[in-house]
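A.B. asks: Dumping the structure here so I can ask a few things about it.
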Amino acid sequence: MLKLHNALKSNFAGKAALWLCSLFYGLGVAARKSIYEMGFFKTNSVNTRVVCIGNLTTGGTGKTTAVMLAAKMLAEAGARVSIVSRGYKRLADKNEVVVLSEKTSASWEKAGDEAYMMSEALREYGVPVVVCPDRFRAAQTAVRRFKSQVVLLDDGFQHFGIDRDMDIVLLDARDPFGGNHLLPLGALREPKSALSRAGLVLITHSNLASTEQLAAIKEEVKEYNPEARVLESTHEPDYFFDVCKAEKRRLDGLRGRKATALSAIGDPQSFEDTLKRLGVELHQIWRYPDHHPYTLEELKSAAAVRDGAPIITTYKDFTRFPEGWRELLKEDILVLSIHLNILGGEDATDDWAEALMPKLSQKLGR
């Protein structure tokens, strides 16, 4: 699909066709929003605080790490928090509510890879993840079963079926506005004017943009939303996790060594660039479409040319490894752990915390 998209953009006729499709897409977005505003479709309220963490563009902003940071901060402050996710590309019945918690579990296929990964990563914090395309039903389940004080709505900025107390919108510093065009010509899900609904805007990967570029992004955000607080963040590597030995490895342990990068995520370039900055020499790079379910044959192909080098992947990818992967790959399968770092010191961290829950910064002892 990406090759086809690039091919269409490379000539006048193709670009004109994409522009026309974007025009109709924009009309559809506007019509849908108007239908909700006029009350033909209902926006339902949940009897608890709802915080949405979403995107203006498609994929690659680092939303999942932002949701996990929010959940962790809330849990550490003693708040009962749940995550609600639609479960993109899951195999369960579309109306089924799947709950991932300390007492209940489901396969990644049934819950969706991102929801499953978040549940596993946050298990020690006791954060349940409730999955259903009907976000209102999922939120109701979270409140009923877990008495959640805060529901984090994962990737729900364009979902008008549930009311929320706060919208946090993520913008990737490398391409914050998706080429300034709506889908499919660009990557915008909505016009930039949708930023007026945001209570806080978080610029991600800000270390990959210049000071001038960051200032320009903030200025453009202010055009549409003068009141929104704009923060900056980076995605920082934590450690390598050896999944065969179930142990952590230091980040500098692979400096100067060859390795294979394996991923099926929205932004593989960022993952690979991070490995290179850590001094890893990538002698093989395997990329698959986002959310791709791996087969043993595909893993076998990667193993056949690894030449004794480690295979490095992401947590999201590892959840999609098929049964039998351990017998096939045997050793040196590493997962790169990443965390989101809010820049700007205590004031910025406090602003982030207050967006999640009023007075949360006080509970965190700030």
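The values are calculated or read from the model by the stated rules, or taken from the named source; none is laboratory data. Remember, predicted model here, so these are calculated numbers, not experimental data. Heads up, the Cβs are rebuilt from the backbone with ideal geometry, glycines too, and the neighbour counts pull from every protein chain shown.
A.B. asks: Can you report the number of residues in region 2-14 which are over 29 Å from the mean Cα position of the chain (by Cα) and either assigned by TED's automatic domain parsing to the domain that holds Glu190 or part of a helix (DSSP H, G or I) (or both)?
C.D. replies: Within region 2-14, the subset over 29 Å from the mean Cα position of the chain (by Cα) is 10-14.
From what's left, either assigned by TED's automatic domain parsing to the domain that holds Glu190 or part of a helix (DSSP H, G or I) (or both): 12-14.
Qualifying residue count, region 2-14: 3.
A.B. asks: When the residues of region 85-115 are filtered to those that are hydroxyl-bearing (Ser, Thr, Tyr) and farther than 17 Å from His291 by Cα, which remaining residue is modelled with the highest pLDDT? Give the steps one after another, and end with the answer.
C.D. replies: First, pick out the residues of region 85-115 that are hydroxyl-bearing (Ser, Thr, Tyr): 85, 88, 101, 104-105, 107.
Then keep just the ones that are farther than 17 Å from His291 by Cα; that gives 101, 104-105.
Working: Ser101: 94, Thr104: 84, Ser105: 81.
So the residue we want is Ser101.
A.B. asks: Same structure again: Given the condition in contact with a strand residue (DSSP E or B) (Cβ under 8 Å, 6 or more places away or on another chain), charged (D, E, K, R) and over 21 Å from Glu232 (Cα atoms), answer yes or no: does some residue in region 190-198 qualify?
C.D. replies: Yes; the residues of region 190-198 include at least one that is in contact with a strand residue (DSSP E or B) (Cβ under 8 Å, 6 or more places away or on another chain), charged (D, E, K, R) and over 21 Å from Glu232 (Cα atoms).
A.B. asks: Let me ask something else. Restricting attention to region 128-149, which residues are surrounded by 24 or more Cβ atoms within 10 Å (Cβ to Cβ) and of a type outside the set (Ser, Thr, Tyr)?
C.D. replies: Step one: of region 128-149, the residues surrounded by 24 or more Cβ atoms within 10 Å (Cβ to Cβ) are 128-132, 135, 138-139, 142, 148.
If the condition is that a residue be surrounded by 24 or more Cβ atoms within 10 Å (Cβ to Cβ) and of a type outside the set (Ser, Thr, Tyr), then Pro128, Val129, Val130, Val131, Cys132, Arg135, Ala138, Ala139, Ala142 are the ones that fit.
A.B. asks: Pull up region 98-127, narrow it to residues that are closer than 19 Å to Leu153 by Cβ and charged (D, E, K, R), then point me to the one that is surrounded by the most Cβ atoms within 10 Å (Cβ to Cβ).
C.D. replies: Ranking the candidates gives Glu114 first.
A.B. asks: Return the residue satisfying two criteria in turn: it lies in region 319-333 and is in contact with a helix residue (DSSP H, G or I) (Cβ under 8 Å, 6 or more places away or on another chain) and not β-branched (Val, Ile, Thr), and of such residues it is surrounded by the fewest Cβ atoms within 10 Å (Cβ to Cβ).
C.D. replies: Checked region 319-333; the qualifying residue surrounded by the fewest Cβ atoms within 10 Å (Cβ to Cβ) is Gly324.
A.B. asks: From Ala106, Ala79, Ala115, which residue is under 30 Å from Ser337 (Cα atoms), without any contact (Cβ under 8 Å) to a residue 60 or more places away in the chain and not in a helix (DSSP H, G or I)? Outline the logic, then answer.
C.D. replies: Working: Ala79 fails: without any contact (Cβ under 8 Å) to a residue 60 or more places away in the chain; Ala115 fails: not in a helix (DSSP H, G or I).
It is Ala106.
A.B. asks: OK, next. Which of the residues belonging to region 204-231 are more than 21 Å from Val50 (Cα to Cα) and of a type in the set (A, V, I, L, M)?
C.D. replies: Result: Leu208, Ala209, Leu214, Ala215, Ala216, Ile217, Val221.
A.B. asks: Only strands (runs of 3 or more DSSP E) wholly contained in region 259-343 count here; list those with 1 or more residues that are of a type in the set (Ser, Thr, Tyr) and under 22 Å from the mean Cα position of the chain (by Cα). Write out each step before concluding.
C.D. replies: Details: elements: 281-287, 311-314, 333-342.
It comes to 311-314, 333-342.
A.B. asks: Could you tell me whether any residue of region 215-228 is touching a Phe, Trp or Tyr at 6+ places or on another chain (Cβ under 7 Å) and buried (at least 18 other Cβ atoms within 10 Å of the Cβ)?
C.D. replies: No, every residue in region 215-228 fails to be touching a Phe, Trp or Tyr at 6+ places or on another chain (Cβ under 7 Å) and buried (at least 18 other Cβ atoms within 10 Å of the Cβ).
A.B. asks: Here's something else I'd like to know. Here is a list of conditions, (1) touching an Asp or Glu at 6+ places or on another chain (Cβ under 9 Å); (2) farther than 23 Å from Arg326 by Cβ; (3) loosely packed, with under 15 Cβ neighbours inside 10 Å; (4) not acidic (Asp, Glu), and Gly266 meets all of them except one; can you say which number that is?
C.D. replies: Every listed condition holds for Gly266 apart from (3).
A.B. asks: In this structure, is Ala353 in contact with a strand residue (DSSP E or B) (Cβ under 8 Å, 6 or more places away or on another chain), in contact (Cβ under 8 Å) with a residue 12 or more places away in the chain and either aliphatic (A, V, I, L, M) or in a loop (DSSP other than H, G, I, E, B) (or both)? Steps first, please.
C.D. replies: Working: in contact with a strand residue (DSSP E or B) (Cβ under 8 Å, 6 or more places away or on another chain): no; in contact (Cβ under 8 Å) with a residue 12 or more places away in the chain: yes; either aliphatic (A, V, I, L, M) or in a loop (DSSP other than H, G, I, E, B) (or both): yes.
So Ala353 fails the test.
A.B. asks: In region 272-284, is there at least one residue being touching a Ser or Thr at 6+ places or on another chain (Cβ under 8 Å), surrounded by fewer than 16 Cβ atoms within 10 Å (Cβ to Cβ), of a type in the set (A, V, I, L, M) and not assigned by TED's automatic domain parsing to the domain that holds Gly59?
C.D. replies: Yes, because at least one residue in region 272-284 is touching a Ser or Thr at 6+ places or on another chain (Cβ under 8 Å), surrounded by fewer than 16 Cβ atoms within 10 Å (Cβ to Cβ), of a type in the set (A, V, I, L, M) and not assigned by TED's automatic domain parsing to the domain that holds Gly59.
A.B. asks: Taking region 182-222, which residues are of a type in the set (S, T, N, Q) and closer than 15 Å to Thr57 by Cβ? Even if it seems obvious, please write down each step before you answer.
C.D. replies: So the first thing to find is which residues in region 182-222 are of a type in the set (S, T, N, Q), and the list is 193, 196, 204, 206-207, 210-211, 213.
Selection gives Ser193, Thr204.
A.B. asks: How many of the residues in region 174-206 are in contact with a helix residue (DSSP H, G or I) (Cβ under 7 Å, 6 or more places away or on another chain) and part of a helix (DSSP H, G or I)?
C.D. replies: So the answer is 5.
A.B. asks: To continue, here is another question. Could you list, ordered by first residue, the pairs with Cβ atoms under 7 Å in which the first is in region 85-97 and surrounded by 13 or more Cβ atoms within 10 Å (Cβ to Cβ) and the second is of a type in the set (Lys, Arg), at least 6 apart or interchain?
C.D. replies: Sorted first by the residue in region 85-97, then by its partner, the pairs are Arg86/Arg135; Arg90/Lys110; Ala92/Lys110; Val97/Arg137.
A.B. asks: Among the residues of region 26-35, are any assigned to a strand (DSSP E or B) and among the small types (Gly, Ala, Ser)?
C.D. replies: Taking region 26-35 first, the residues assigned to a strand (DSSP E or B) are none.
Checked region 26-35: no residue is assigned to a strand (DSSP E or B) and among the small types (Gly, Ala, Ser).
A.B. asks: Could you grab me the full set of residues in region 36-47 that are at negative phi and outside any strand (DSSP E or B)?
C.D. replies: Going residue by residue through region 36-47, those that are at negative phi are 36-38, 40-47.
Within region 36-47, Tyr36, Glu37, Met38, Phe40, Phe41, Lys42, Thr43, Ser45, Val46, Asn47 qualify.
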